[in-house]
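Here, each number is a calculation from the coordinates, and none is a lab measurement. Note that the structure is a prediction, hence the values are computed from the model and not measured. Cβ coordinates were reconstructed from backbone atoms using ideal geometry, including for glycine residues, and neighbour counts include every protein chain displayed.
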Amino acid sequence: MKLLVRAFAGCLAAFALVACNPTPPSADSRYDPAKMDLKPTPAKLSMERHKGPFATGDSLNMTALLKPLDPAPVKVVQLDTTHKIIEIAPGVKFSAWTFGNQVPGPAIRARVGDKIRFSMTNRSDETAPGLAMTAAPMMHSMDFHAAMVSPQDKYRSVAPGQTIEFEFTLNYPGIFMYHCGTPMILEHIASGMYGAVIVEPRDGYPTKVDREYLVIQSEFYAKLDGDGRKVDGAPLYVLDAERLRAAQPTHTVFNGSHNGMVKNPLPAKPGERVRLFVLNVGPSKTSSFHVVGTIFDRVWMDGNPDNQMRGMQTVLLGSSSSAIVEMIIPEAGSYIMVDHHFANASQGAIGLISTVDKPKETELEHHNMEASAVPTEPGAAAAKLAFESKCLACHSVGQGKKLGPDIAGVTRRRTDAWLTQWLKSPDKMLLTDPDAQAMLKEHNNIPMPNQGLSDTEIAQYLAYFHWIDAQGMPAPAASAPAK
Ligand SMILES: [Cu+2]
């Protein structure tokens with residue numbers, strides 16, 4: 001009986017909900033296919049190449065700082081493909097393929113109902129200033145997730161020197177990825193060919209904010225060039241196809257650079273409401289996007305306010321997923337954007353929203369600093385990359401103690417033989433070596449896990465450590481006793 005009554009009451013409540021909150025007709029009509037443009041005109045291909053700038057259009061945004069919406073109902077956008085060297089981390093000069101000559105490519109900002117009139121010349125065969133022929137000219141294409149068009153017509157691959165033009169109307173609001181879709185797609189994306197289209201709802205967003213920024217997460221898979229080529233004296237890095245297929249990035253970054261926006265934080269003032277447009281490009285990793293020190297008041301999945309969640313700590317973004325997150329900056333401070341998959345954050349997916357211009361680096365516990373140059377000796381350079389992906393979670397270079405000691409000065413306090421022993425089997429050393437035991441005690445009895453390193457890798461780490469200590473970095477205050 002009791003059950004019956006309860007069921008009946010539930011029914012009433014459900015009925016009341018439906019009765020009081022009918023879906024407004026306007027909500028339906030926003031998604032009415034009859035009102036969408038599903039008949040784009042065919043793409044045009046020509047041999048007339050664009051000259052001059054690689055990206056033009058009033059709706060384009062080149063940095064994290066977003067311009068307000070350009071009101072023109074037709075957005076004319078030119079994004080050409082180039083091959084150029086970009087710096088993904090201090091000293092890591094990577095042979096990239098781009099849209100609009102930057103990685104990520106420029107972001108298009110528009111609104112539902114706008115038309116995008118797009119054109120692209122494949123300029124991968126050019127050697128303009130700033131471009132380098134480290135990658136052969138090749139086919140490229142453009143795939144807009146914001147469009148509803150035939151992929152075979154609009155997203156076809158175009159040869160070096162060819163220009164493709166097509167138009168489409170924005171039917172849905174959101175933050176949409178664009179990328180090159182030429183096989184191997186994975187290689188084209190990992191080489192830098194991606195960007196974002198921000199599509200506002202027809203009537204704009206339902207909230208007002210003080211700041212708007214774009215944050216794009218992506219992975220790089222870099223290795224030293226097999227031919228030992230150099231750029232301005234620094235070693236050239238190229239795509240590591242093996243790591244790419246194994247989904248083992250060397251760098252995971254925001255807006256194309258390691259620790260992007262740490263040195264130049266996104267400004268905000270206490271009490272302000274900040275809207276971040278976050279896109280995870282991947283190509284192969286998920287982002288657990290979080291901002292240390294505040295809570296996402298609103299999260300609009302895929303950037304559409306109809307997909308709203310409130311009071312979120314973290315937003316989970318698969319490859320090519322996005323979200324608009326809005327938060328209040330409560331008090332003065334530096335609020336740390338991270339991928340809370342900390343293995344990704346330790347590869348450089350870190351940035352700041354800060355109430356001060358230049359926050360002190362030592363105040364940023366989540367910040368993984370590193371030496372600003374790169375060793376020229378290939379073994380040491382390989383170890384630096386490996387160190388950044390495997391060791392930075394527990395060690396810093398010149399930024400003080402983390403779980404383990406600061407590595408700066410380690411070759412002055414230990415002999416090479418001792419370090420070799422340690423890296424080969426820290427577990428055994430902790431059983432037998434008094435200096436290792438003292439170090440363990442100093443580090444809250446947290447033993448360093450055996451890293452399973454080969455003899456070659458160990459020799460490379462030693463070369464890297466010697467290189468660090470040759471840079472003249474001051475030894476940190478709290479370090480292990482000298483040996
Ligand atoms: Cu491509």
(request) Give me the number: length gained by fully extending Met184 to Thr207, i.e. 0.36 nm times residue separation minus the C-alpha to C-alpha distance, one decimal in nm. (result) 4.2 nm
(message) Along the Cα→Cβ direction, 7 angstrom out, place labels at Ala241 and Asp227. What is the inter-label distance in nm?
(response) 1.5 nm
(request) With everything on Cα atoms, drop me the angle between helix 378-390 and the longest principal axis of the chain, reported from 0 to 90° to the nearest 10. (result) 60 degrees
(request) Let me know the Kirkwood hydrodynamic radius for the chain, please, with Cα pairs as the basis and the value in Å to one decimal. (result) 24.7 Å
(message) Order 194-205, 93-104 from most to least packed using the mean count of other Cβ atoms within 10 Å.
(response) 93-104, 194-205
(request) For the pairs Lys384/Lys428; Lys230/Lys401; Lys67/Lys384; Lys223/Lys358, note any where the Cα-Cα span goes beyond 27 Å. (result) Lys230/Lys401; Lys67/Lys384; Lys223/Lys358
(message) Testing the spin-label approximation: label points 7 Å from Cα along Cα→Cβ at Leu65 and Glu442. State their distance in nm.
(response) 4.4 nm
(request) For Leu38 and Ala159, calculate 0.36 nm times their separation in residues minus their Cα-Cα distance, and state this gained length in nm to one decimal. (result) 40.8 nm
(message) Relative contact order for the chain: what percent, with Cα pairs under 8 Å and sequence separation of 6 or more?
(response) 11 percent
(request) Grab the Cα-Cα distance for Asp58 and Ala470, subtract it from 0.36 nm times how many residues apart they are, and report the gain in nm with one decimal. (result) 143.5 nm
(request) Can you tell me the FRET efficiency between Asp435 and Asp455 if r is taken as the Cβ-Cβ distance and R0 is 22 Å, rounded to the nearest 0.05? (result) 0.50
